[in-house]
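Before any comments, here is the structure.
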Amino acid sequence: MPPDPTLLSILSDQPADRDRLGFAPYARTLAQIVSAEKTSTPLTIGIFGDWGRGKTSLMRMVQRELEEDPDPEIPVRTVWFNAWLYSRERALWRALISRVIQGARGFLGQNQEALDTLTHLESRIYGAAAPAGGHLVLPAGALAGLEGASLPPLMGLELLRRQAQRAGDRAKDAAQKLDTLIADVEQSEARTRRDQIAALDDFRRQFEKLSKDCIVDRGRLVVFVDDLDRCLPDRAVEVLEAVKLFLDVPGCVFLLGIAREVIEEGIKVRYQDYETTLDGAQY
């Protein structure tokens with residue numbers, strides 16, 4: 001049956017494979033800005049709009065412009081990060097960094113020393129994102145009135161120590177052992193936190209050096225971050241802060257598809273316990 005010419009052409013919810021929204025001039029302009037030799041990096045470009053307004057379609061068009069018509073003088077490698085796809089990760093920022101590291105490997109060729117550095121950085125980032133504790137499972141009867149309990153380690157040990165102290169001389173030895181154990185756990189957790197902070201600091205410093213040595217003179221690493229507005233607001237802010245804190249280095253360009261209200265709401269949630277005059281729009 002031939003199509004009815006009186007019917008309107010309806011676009012699906014999927015990103016457009018052809019330009020039906022008149023985005024081509026914008027895509028070409030953004031691609032030229034990203035790949036221009038005179039464009040200084042690092043650079044972050046925000047593409048703002050509510051969900052379903054075509055942010056993904058525009059970014060896909062920019063990506064095609066960069067890949068199908070490359071500048072031999074400024075080669076570009078692109079990375080696509082779908083934030084929604086990784087939204088169940090414990091540390092969404094770590095997933096973003098891993099994708100960026102994969103893209104950076106493409107510039108290193110057979111430079112085994114640099115490749116080893118990236119592998120080491122990635123392993124340290126995974127360690128830095130790992131939770132420091134777990135839970136201490138107390139059996140039935142360990143705490144009066146409870147069949148059992150699962151508590152953070154220090155809390156559980158502190159409760160047991162206080163019970164031993166209240167028991168007097170009958171549990172004096174147990175209380176002393178718990179004092180020693182609590183001190184050991186506190187030192188271990190403090191050391192873990194120090195190692196995590198050092199890992200994050202080392203990542204920023206070493207990744208910046210590697211980017212200057214291996215990317216800046218060889219092209220651009222362009223990272224497209226999509227579907228932030230499908231994530232919970234505070235997770236979307238987590239991605240933005242990762243870009244600013246760890247990946248804001250020469251040689252890197254980020255294009256972010258963002259719904260403003262998601263970020264503004266995320267700021268309210270993330271910093272609700274802080275006294276600050278910063279609001280979501282300013283952020």
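The values are calculated or read from the model by the stated rules, or taken from the named source; none is laboratory data. Bear in mind the structure is a predicted one, so any value in this text is a computation, not a measurement. Using ideal geometry, Cβ is built from the backbone for each residue, glycine included, and neighbour counts are taken over all protein chains shown. Note: accessible area is taken over every heavy atom of the protein model, side chains too, but ligands, DNA and RNA are not part of it. Shrake-Rupley method; radii C 1.70, N 1.55, O 1.52, S 1.80 Å.
In the stretch 93-110, the residue that is farthest from VAL223 (Cα to Cα) out of those that are out of contact with any strand residue (DSSP E or B) (no Cβ under 9 Å at 6 or more places or on another chain) and not hydrophobic (A, V, I, L, M, F, W, C) is GLN110. The set of residues in the stretch 185-224 that are open to solvent by 60 Å² or more (accessible area, probe 1.4 Å), among the β-branched types (Val, Ile, Thr) and modelled with pLDDT under 75 contains only ILE197.
Does any residue of the stretch 125-146 turn out to be aromatic (Phe, Trp, Tyr), at pLDDT 85 or above and open to solvent by 60 Å² or more (accessible area, probe 1.4 Å)? No, there is no match, as no residue in the stretch 125-146 is aromatic (Phe, Trp, Tyr), at pLDDT 85 or above and open to solvent by 60 Å² or more (accessible area, probe 1.4 Å). Checking each residue in the stretch 103-113 for being open to solvent by 10 Å² or more (accessible area, probe 1.4 Å), in contact with a helix residue (DSSP H, G or I) (Cβ under 9 Å, 6 or more places away or on another chain) and assigned to a helix (DSSP H, G or I) picks out only ARG105.
When the residues of the stretch 50-64 are filtered to those that are at pLDDT 90 or above and in contact with a helix residue (DSSP H, G or I) (Cβ under 7 Å, 6 or more places away or on another chain), the one that is surrounded by the most Cβ atoms within 10 Å (Cβ to Cβ) is VAL62. Residues in the stretch 3-49 that are surrounded by 12 or more Cβ atoms within 10 Å (Cβ to Cβ) and charged (D, E, K, R) were compared, and the one that is modelled with the highest pLDDT is ARG28.
Contact annotation: residue pairs with Cβ atoms under 8 Å, 6 or more positions apart or on different chains, pairing a residue in the stretch 103-116 that is free of Cβ contacts under 8 Å to residues at least 40 places away in the same chain with a partner that is assigned to a loop (DSSP other than H, G, I, E, B), are LEU115/LEU108.
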